[in-house]
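Chemist: Please find one structure pasted underneath; my questions will follow.
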Amino acid sequence: MLRKREGEEHNIPMDIILIPLLAVMRAVLGIYSWIVIVSVIMSWLINFNVINSHNNFVLMLIEFLYRMTEPVLMKIRRVVPIISGFDLSPIILIIILWFLQAVIARLMMRVLVGGSV
C-alpha cells in the first residue's frame, strides 16, 4: 500500500494535470516560434523576388503567416520601432518565446523532481 505524506494528497492529481498542460504550452510556443521564423524567411524571399507572390498557394501562406504573427509583432513594434529599416520585432518575439519555453521546461522539471511547483 502507498502511504501518503502530509500535504501530498493534493499534489498527485495536480501533477497529472500540470505536466501535460505545461508540455502542451511548451509545444505551442515552439510551433509559434517556427511560424515566426517562417514568416521572416517568407518576407525576405518575397522582397528579393525569389517567390512569386501572385501564386494562390503563396498568397494563402502569406495571409496565414501574417494573421498569426502580426498582432503580436505590432505590440512589440510599439515599444521597439524599426531601426534604420531593420525590423527587430521578430527577433525580440523569438527571444521572448524561447525564454517562456525555458521557464516552462524548468517548471516541468521542478514538478517532476520535487513533486510540486
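Chemist: Please determine, by comparing only the residues of the stretch 38-90 that are of a type in the set (A, V, I, L, M, F, W, C) and part of a loop (DSSP other than H, G, I, E, B), which one is modelled with the lowest pLDDT. Write out each step before concluding.
Modeler: Here is the first cut: in the stretch 38-90, the residues of a type in the set (A, V, I, L, M, F, W, C) are 38, 40-42, 44-46, 48, 50-51, 57-62, 64-65, 68, 72-74, 76, 79-80, 82-83, 86, 88.
Those still in the list that are part of a loop (DSSP other than H, G, I, E, B) too: 48, 50-51, 80, 82, 88.
On the way: Phe48: 93, Val50: 93, Ile51: 92, Val80: 92, Ile82: 87, Leu88: 94.
Once the filter is applied, the top-ranked residue is Ile82.
Chemist: Could you count how many residues in the stretch 13-27 are free of Cβ contacts under 8 Å to residues at least 40 places away in the same chain, β-branched (Val, Ile, Thr) and either in contact with an Asp or Glu (Cβ under 9 Å, 6 or more places away or on another chain) or surrounded by 12 or more Cβ atoms within 10 Å (Cβ to Cβ) (or both)? Before the answer, list the steps.
Modeler: Within the stretch 13-27, the first condition is being free of Cβ contacts under 8 Å to residues at least 40 places away in the same chain, and the residues that meet it are 13, 16-17, 20-21, 24, 27.
Filter again for β-branched (Val, Ile, Thr), leaving 16-17, 24.
Keeping just the survivors that are either in contact with an Asp or Glu (Cβ under 9 Å, 6 or more places away or on another chain) or surrounded by 12 or more Cβ atoms within 10 Å (Cβ to Cβ) (or both) gives none.
Number satisfying all stated conditions: 0.
Chemist: Within the set of pairs 6 or more residues apart or between chains, which connect a residue that is in contact (Cβ under 8 Å) with a residue 40 or more places away in the chain and within 24 Å of Ala23 (Cα to Cα) inside the stretch 83-103 to a residue that is polar (S, T, N, Q) and assigned to a helix (DSSP H, G or I) with Cβ atoms less than 7 Å apart?
Modeler: Ile94/Ser33; Leu97/Ser33; Trp98/Ser33
Chemist: Shifting gears a bit: Any residue that is surrounded by 13 or more Cβ atoms within 10 Å (Cβ to Cβ) and of a type in the set (Gly, Ala, Ser) - is there at least one of those in the stretch 74-87? Lay out the reasoning, then the answer.
Modeler: As a first pass, look at the stretch 74-87 and keep what is surrounded by 13 or more Cβ atoms within 10 Å (Cβ to Cβ): 76-77, 87.
From what's left, of a type in the set (Gly, Ala, Ser): none.
Scanning the stretch 74-87, I find no residue that is surrounded by 13 or more Cβ atoms within 10 Å (Cβ to Cβ) and of a type in the set (Gly, Ala, Ser), so the answer is no.
The values are calculated or read from the model by the stated rules, or taken from the named source; none is laboratory data. Just so you know, these numbers come straight off a predicted model, no measurement behind them. With ideal geometry, Cβ positions are generated from the backbone for all residues, glycine too; neighbour counts draw on all protein chains shown.
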